[in-house]
Amino acid sequence: MATFTLLSTSAGRDYWHKTEKLASSMFCLLKLILMPVLLDYSLGLNDLIVSSLELTVRVGDSALMGCVFQTTEEKRVIKVDWMFSSGDRAKDEYVLYYYANLSVPVGRFQNRVRLVGDILHNDGSLLLQDVKEADQGTYTCEIRLEKESLVFKKAVLLHVLPEEPKELTVHVGDSTQLGCVFQSTAEDKHMTKVDWMFSSGENAKEEVVLSYYPKLSVPVGYSQNWGRFQNRVALVGDTSRNDASIMLQGVKESDRGRYTCSIHLGNLTFKKTTTLHVIVKEPQTMVTPVALRPEILGGNQLVIIVGIVCVTILLLPVLILIVKRTHRSKSSATSTTLVKSLENIKKADPEKHVYSSVATPMLIEDEESNGKAEATYMTMVRVLLGPAEPGVWRVDKELARMWQARAWWA
């Protein structure tokens with residue numbers, strides 16, 4: 001019994017030892033088989049095809065963000081996710097997700113986003129309408145195919161500019177440009193048609209301004225305008241970039257109203273409306289001094305004019321007084337010179353002098369010759385009673401002129 005027990009114990013040990021070795025070998029084999037599969041699956045989930053694009057739009061416009069997965073394999077799309085991030089540290093938020101043939105906009109993007117791509121052709125493009133300032137950021141598209149571990153990602157960096165004026169004002173006879181641009185990163189979507197329509201009022205019938213068909217046989221497409229806009233409207237935008245802006249020349253008063261642009265990209269249509277106001281130029285009138293009356297002058301101009309007049313009136317008496325004083329000073333100087341001259345003559349000629357008041361005919365003749373109707377001056381002159389010619393008076397002519405000048409200034 002003891003021997004059997006010993007044999008049994010020894011056999012059990014050998015059995016468990018062999019079993020352990022076999023299990024270890026099988027586990028190693030299993031690892032060799034499963035590791036490539038697990039590794040391939042792990043790498044497949046992390047190997048992401050990523051591409052980035054940038055798009056610039058204005059507030060209120062629409063933005064088409066393309067997301068197309070090109071593959072040669074015929075595998076249908078099972079899931080599409082659009083995510084948004086406003087910054088590096090901002091939390092991602094859902095914009096829209098597609099699953100089981102159902103597209104669901106999420107959060108603040110509801111009623112403003114929709115899938116416009118052909119899911120059957122791996123196209124998950126997104127249309128964002130009525131863009132707001134808060135929509136600026138990075139939009140990431142993720143497409144997953146059935147029976148495929150590979151995830152396709154595409155990022156679009158959206159820049160948002162201030163809103164473009166929806167109303168324009170122009171004078172009669174001038175020219176103006178009406179803008180219409182559809183921003184898109186979808187390379188497979190191109191402009192197929194452009195229509196510009198005009199309406200003068202809410203209940204007025206729309207008129208065709210211009211139509212453009214880029215895919216006609218002519219090299220640069222074909223544009224046509226009708227009615228009163230004929231030969232006054234030209235397409236100036238780059239249609240290869242979905243720019244359908246037009247130039248309206250020779251604006252008329254009847255051109256005021258609403259202009260609606262429609263850009264067609266296959267079955268997708270983008271519209272933009274601009275209101276045009278037309279101002280009639282006022283005729284230029286010549287400005288004459290009569291028109292410059294106080295009622296049309298500004299307050300400051302009126303004060304300046306009144307001030308100048310007042311200062312002139314106040315300074316006029318002062319100017320008159322200064323002139324009179326100047327004349328008196330000259331007269332005083334003349335009198336002083338006369339006195340000194342008399343003193344010098346008196347010293348030089350010791351003869352007896354007699355001064356008398358006489359009328360000087362000589363002065364009267366001078367005055368009459370100058371056309372002055374003034375009275376005869378009575379001038380104090382020196383009279384010499386010369387012994388050679390008794391009774392003859394000799395009048396100093398120069399002295400008489402000096403007295404005449406003094407009397408006139410006084």
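The values are calculated or read from the model by the stated rules, or taken from the named source; none is laboratory data. Fair warning: this is a prediction, and the values are worked out from it, not measured in the lab. Cβ placement follows ideal geometry from the backbone for every residue including glycine, while neighbour counts extend to all protein chains displayed.
Being at pLDDT 90 or above, over 23 Å from Ile279 (Cβ atoms) and out of contact with any Lys or Arg (no Cβ under 7 Å at 6 or more places or on another chain) is a description that does not apply to His190. Across the stretch 51-79, the qualifying residues are those that are of a type in the set (D, E, K, R) and within 18 Å of Phe270 (Cβ to Cβ), and the one among them that is surrounded by the fewest Cβ atoms within 10 Å (Cβ to Cβ) is Arg58. The condition (being in contact with a Gly (Cβ under 8 Å, 6 or more places away or on another chain), more than 21 Å from Met247 (Cα to Cα), surrounded by 14 or more Cβ atoms within 10 Å (Cβ to Cβ) and not assigned by TED's automatic domain parsing to the domain that holds Glu54) is satisfied by just one residue among Ser149, Ser199, Ser184: Ser184. Pull up the stretch 152-181, narrow it to residues that are surrounded by 17 or more Cβ atoms within 10 Å (Cβ to Cβ) and of a type in the set (Lys, Arg), then point me to the one that is nearest to Leu64 (Cα to Cα). The selected residue is Lys154.
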